[in-house]
1. Only Lys, Arg, Asp and Glu count, each charged at its Cβ (+1, +1, -1, -1), so figure out the dipole size of the chain about its Cα centre, rounded to 20 debye.
2. When a/c reaches 1.5 or more, the comparison of a/b and b/c decides; with that in mind, is the range 92-245 rounded, prolate or oblate per its Cα gyration tensor?
3. Compute the longest continuous run of the chain that contains no exposed GluC sites (Glu not before Pro); treat a site as exposed when its DSSP state is not H, G, I, E or B and it has at most 13 other Cβ atoms within 10 Å.
4. Compute the accessible area per residue over the range 15-171, keeping the other protein chains in place, probe 1.4 Å, unit Å².
5. Starting from the 7 Å offset along Cα-to-Cβ, what nm value, one decimal, do you get for the label separation of D29 and Q88?
6. Loop-only trypsin sites (Lys or Arg not before Pro) in the range 51-80, please: DSSP not H, G, I, E or B, and at most 16 other Cβ atoms within 10 Å.
7. Helix 191-200: angle to the longest alpha-carbon principal axis of the chain, degrees 0 to 90, nearest 10?
8. Relative contact order for the range 1-119: what is it in percent, counting Cα pairs under 8 Å that are at least 6 residues apart?
Amino acid sequence: MCETQKLLLSWRGPQSNQHYFAGCLTRQDGKNDKRYTFSYNQTIVKEAEKEGFRPFIGLSDLNKEYTNDKLFSIFERRLPNKNRHVFQQFMKDHQLNDADEAALEYLKETKGRTATDKLSFLKPVYKHNDSLSYSGEIAGWSYTKGQNEKLQVNQPVKLIIDETNTKDRKAVEIIDQFHGHIRVGYIQKPFNQLFFKLLEAGYDLEGHITSIDPSDSRPTLGIDVALQNQIIDFQALSYLIDVTD
């Protein structure tokens, strides 16, 4: 039996600040070995190239699926030395014994960000049997944080389609229904497209605040959805979903 872990690689455009999900990194653990795979999302990369995106060093062919038995060096550079205290403490905190497994988990939890570029790793939407779960930062927080001082961890929030948004017809708005129905922000792109589909199909969606960053008060949103009987075609957005059935 194989276990697969998946991370989405996001590149933020310098002009638009838009997230481009340029590729997908997976790790597959077999009985006796493991394999890392990376591939570009060609459709999205073509859009990102208009803002200056270029292929990564050592992964220059946009049409190729790359495989390796170790984490690709271009991504491993985003990790601290595995002998450093910060990494060893991370393994201890997450009860991990395997440094390679901890490496992918570290990228997942820290987003693998550096101060010198626009890359970050983001968790996919997880699908297990008939349920979806999502965790991610709330977009647009810099515009709304001044009116959301009462927001708290574990507080429920409401998801609605922002029908007045002329820039994005599939914008999904996050509302604090307990404090005057104030806008908290938006589902970050392109995850909004998936939740837009659900709202359009008649789902009543809520999420909850899972954490608040102490440095800038930016909240993280968690969403759990029980899928109903109606058939929703997620094929076009399958790159956003990690199926764990």
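1. Here the chain has a charge dipole of around 740 debye.
2. oblate
3. Between exposed loop sites, the widest span is 66-148.
4. For the range 15-171, the solvent-accessible area averages 60 Å² per residue.
5. A separation of 2.2 nm, rounded to one decimal place.
6. In loop regions of the range 51-80 (DSSP not H, G, I, E or B), the sparsely surrounded trypsin sites (Lys or Arg not before Pro) are K64, K70, R77.
7. So the inclination is approximately 40 degrees.
8. 21
The values are calculated or read from the model by the stated rules, or taken from the named source; none is laboratory data. All values reported here derive from a predicted model rather than from experimental measurement. All Cβ positions, glycine included, derive from the backbone under ideal geometry; neighbour counts span all protein chains shown. For the accessible areas, the whole protein counts, side chains as well, though only heavy atoms, and no ligand, DNA or RNA atoms are used. Shrake-Rupley method; radii C 1.70, N 1.55, O 1.52, S 1.80 Å.
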